[in-house]
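Asker: Input: one structure, supplied below.
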Amino acid sequence: MPTDEEAGRPDSALAGSGLPGADYGTVLWEPSGEVVQRARITQYQRWLSDRGLYPSGASGYRGLWEWSVTHTAPFWDSVWQYFDVAGERGNGPVLTGGPMPDVAWYPGATLNYAENALRTATTDPQRVAVIAVGEEGNRTTLTYGELAAEVARVRSGLRSLGVGVGDRVAAFLPNVPAALIGLLATASLGAVWSSCSPDFGPHSVIDRFAQITPKVLLAVDGYRYGGKDFDRRNAVAEIVAALPSLAAVVMVGGGGTSTPRTVPVLAFDDLEGHETLDFADVPFSHPLWVLYSSGTTGLPKAIVHSHGGIVLEHLKSVSFHQDIGPGDVFLWYTTTGWMMWNYLAGGLLAGATVVLYDGSATHPQVGALWEVAANNGVTFLGTGAPYLLACAKAGLSPGSDLGLSLLRGVGSTGSPLPPEGFRWVYEHVGRDLMLGSFSGGTDVCTGFVGACPLLPVRTGVIPGPCLGAKVEAYDTDGKPVIGEVGELVVTAPMPSMPVGFWNDPGGVRYRASYFGVYPGVWRHGDWLTNLPDGGCVIFGRSDATLNRGGVRMGTSEFYRVVERLPEVTDSLVVDTGQLGAEGRLILYVVLADGAALDDELTQRLKSTLRAELSPRHVPDEIHQVPGVPRTLSGKKLEVPVRKILLGTPVTEAADPDALANPEVMEWFAPSEPRA
């Protein structure tokens, strides 16, 4: 039997408390009585109790969650009723069929996402719906009334171009109002939206949009990021040439483009019509938008979500877990190519003001995003875990340096946030706010596990599963475990699970992607530990796990130890073991200016990993690289690099157009395959 030191904390130390180390689990924030009383989830609990829907004897968040996942249909129907969703509920059941994925939600019901997102335009048209901020500080606003008028105008323009129910509208746009207006106008018609950020390479865009054969493309001829201007006219022309289904191109921002074939090119501001805003009543499961997997190692999966599923899920998540409602100013740092942009739009469902920031979070300095939050009265700021860690490493203290008194919540996603990230937020951003580390995915356009204003925040620990998400950890035998690392699975249906993949007859690819390992159970691909008290810890992707001597460890713990050293700004770790044969553990590091990978730093890295993880997790090799390859949404490319190390050519391991920094990939190619 391995000793605790040999086994490594993420497996061995879980046998007791379930926490992977002594620095996990320290309580940093507990909701005050005032916070609990005003929380939207508390109001919902009262509403349930008043109607006799909430089970007697259930108490606190844990009791509410248990009810939500054991009474799936009553829970989701209560969400519809509580928020008085605009649409025709009908008299049919909430859920039919089964097991997953063979379920149908609300057969016979009709609604429209855009109608629900714009309801405030009728009740309070002067409320600010959108604050748009550019990198250079330029700022514009739209009230709900103005937003609805713009949606009506663009809707009419799209109709004149032949867009109707089921047609696709694609967008090659930055995070600007035109993108949000385009989404809502498209949805109002019952057409299907899909977007990519203009920093995507043209081949990556074509891989996505060619699958859905769009009728109209919205695009820009350039964008600004990090203080630099980027010309995208050639990219637009290349995209248009590859999409023979296009009836028109609509250019945003006054720019133009030449196309290699005869396709009408119009200006976004010139779209016009005289129709009043109307909304197509579509079935609950009618396609709303198409999102895409990263596409780094193959054709991206074209993931289709529904009007009804997204309306219910985002109302629940934004309102109950982020605690956002009318009067809140909601900013999540994202581009239109990441699911968090679609999630940000969900703030409109809750009647909040959404902030669309177009630019770099770190230009002209690392704390730029905090300045945007301070200058615009943001009450909830979401970002990626790497940004919070970068701010900590830069020694920032935005809570004392900027006016963040209105900030009530901070969200973190994209990768696990380690304990030191939690501590930095409470020491340098604010002590009286809810830090919500969330984990979910593009696949469901939401989080499976996350924070809640009824639960305390502890270092390195996600407070628990989200309402309606029956999240479990499965061991190697497919059995649920507590206090041990296992596969994150979801064992009850959620309405925002995809209605399928585009062009996937019979759902073959969809079933294989999520239900191929455990029939009837969604396997997500993350390592998870469910703690005895309901909290949980995410350890990273299960397909990139480190398996040393039979002991599994998620890469997040490895990065946490390595990147805590001041000399290391980024890192990537790969285990080349395969088919039961142990390989080599290889660590790549990106160093701060002036640092060098000399013998002293190499030995310090190894000794630190030995002491904080285990002797089995000391790297066999350590190499300095100029950068860590990442997807356009910022995720590290562990699996493609592993393929390169095992002999796959760089050009075949990952699509360069799907990467934020494809130029660094060549640095990982060995002179000969390693095993």
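The values are calculated or read from the model by the stated rules, or taken from the named source; none is laboratory data. None of the values given here were measured: they were computed from a predicted structure. Glycine gets a Cβ as well: all are built from the backbone with ideal geometry, and neighbour counts include every protein chain shown. Surface accessibility is based on the protein's heavy atoms, side chains included, excluding ligands, DNA and RNA. Shrake-Rupley method; radii C 1.70, N 1.55, O 1.52, S 1.80 Å.
Asker: In the chain, carbon and sulfur make up what percent of the accessible area (probe 1.4 Å)?
Answerer: 50 percent
Asker: Would you grab the residues whose amide H sits under 5 Å from the one on Tyr225? Only those 5+ places off in sequence or on another chain, please, with H modelled 1.01 Å from N.
Answerer: Under 5 Å from the amide H of Tyr225 lie the amide H atoms of Phe230, each far enough along the sequence or on another chain.
Asker: Follow-up. Out of Met251, Leu646, Leu388, whose Cα points farthest toward the positive end of the dipole of the chain (charges: +1 Lys, Arg; -1 Asp, Glu; placed on Cβ)?
Answerer: Met251
Asker: May I pose another question? Which of rounded, prolate, oblate describes the range 142-221, given a ≥ b ≥ c as roots of the alpha-carbon gyration tensor eigenvalues and a/c under 1.5 marking rounded, otherwise prolate only if a/b is larger than b/c?
Answerer: Oblate is the answer for the range 142-221, as a/c is 1.5 or above yet b/c matches or exceeds a/b.
Asker: Calculated from DSSP H runs of 4 or more alone, at -39500 (n - 2.57) each and per residue, what is the 222 nm mean residue ellipticity of the chain, nearest 500? Intermediate results must be reported in sequence, preceding the final value.
Answerer: On the way: 23 runs with 194 residues, N = 675.
So the calculated ellipticity at 222 nm is -8000 deg cm²/dmol.
Asker: Classify the range 31-127 as rounded, prolate or oblate, taking a ≥ b ≥ c as the square roots of the eigenvalues of its Cα gyration tensor: rounded when a/c is under 1.5, otherwise prolate if a/b is larger than b/c and oblate if not. Intermediate values should be presented prior to the final figure.
Answerer: Working: a/c = 2.27, a/b = 1.06, b/c = 2.13.
In terms of gyration-tensor shape, oblate.
Asker: Turning to a different aspect of this structure: For the pairs Lys316/Lys643; Lys301/Lys393; Lys479/Lys606; Lys606/Lys635; Lys393/Lys636, note any where the Cα-Cα span goes beyond 29 Å.
Answerer: Table pairs above 29 Å Cα-Cα are Lys316/Lys643; Lys301/Lys393; Lys479/Lys606.
Asker: Continuing with this model, one more query. Take every DSSP beta bridge with both residues inside the chain and express the antiparallel ones as a percent of the total, to the nearest 5. Display every interim value, and only then the final one.
Answerer: Working: 60 of 101 bridges.
So the antiparallel bridges amount to about 60 percent of the total.
Asker: Suppose the chain between Glu136 and Asp401 were pulled fully straight at 0.36 nm per residue; how much longer would it get relative to their current alpha carbon spacing?
Answerer: Stretched fully, the Glu136-Asp401 segment lengthens by 93.4 nm.
Asker: Under a Cβ-only charge scheme (Lys and Arg +1, Asp and Glu -1), can you give me the dipole magnitude of the range 393-551 about the Cα centre, in debye to the nearest 20?
Answerer: Working: 12 positive and 14 negative charges, 27 e Å.
Roughly 120 debye for the range 393-551.
Asker: Order these peptides, 507-517, 597-607, by their mean beta-carbon neighbour count within 10 angstrom, highest first. Intermediate values should be presented prior to the final figure.
Answerer: Working: 507-517: 15.8, 597-607: 13.6.
Taking the mean over residues of other Cβ atoms within 10 Å, the ranking is 507-517, 597-607.
Asker: Amide H to amide H under 5 Å from Tyr106: which residues, 5+ apart in sequence or cross-chain, H placed 1.01 Å off N in plane?
Answerer: Leu95, Thr96
Asker: Extent of the range 290-422 along each principal axis, from alpha carbon coordinates, in Å, largest to smallest?
Answerer: Principal axes ranked by extent give 43, 39, 28 Å for the Cα atoms.
Asker: Let me ask something else. Let me know the charge dipole size of the chain about its Cα centre in debye, to the nearest 20, where only the beta-carbon of Lys, Arg (+1) and Asp, Glu (-1) is charged. Can you show the working numbers first?
Answerer: On the way: 49 positive and 71 negative charges, 187 e Å.
Result for the chain is approximately 900 debye, rounded to the nearest 20.
Asker: Separate question: Does the range 420-549 classify as rounded, prolate or oblate by the C-alpha gyration tensor (a ≥ b ≥ c root eigenvalues; a/c under 1.5 gives rounded; else a/b over b/c gives prolate, otherwise oblate)?
Answerer: Prolate, because a/c is 1.5 or more and a/b exceeds b/c.
Asker: Provide the per residue accessible area, probe 1.4 Å, for the chain, rounded to a whole number of square angstrom.
Answerer: 37 Å²
Asker: Positive end of the dipole of the chain, charges at C-beta (+1 Lys, Arg; -1 Asp, Glu), about the Cα centre: which of Thr143, Pro264, Ala492 has its Cα farthest in that direction?
Answerer: Ala492
Asker: On to the next question. Assign unit charges at the C-beta atoms only (+1 for Lys and Arg, -1 for Asp and Glu), then state the dipole size of the range 168-320 relative to its Cα centre in Debye, rounded to the nearest 20.
Answerer: Once rounded to the nearest 20, the dipole reads 460 debye.
Asker: Amide H of Ala171 versus every other amide H placed in the peptide plane: which residues, excluding those fewer than 5 positions away on the same chain, fall under 5 Å?
Answerer: Result for Ala171 returns Ser194, Ser195, Cys196, Leu218.
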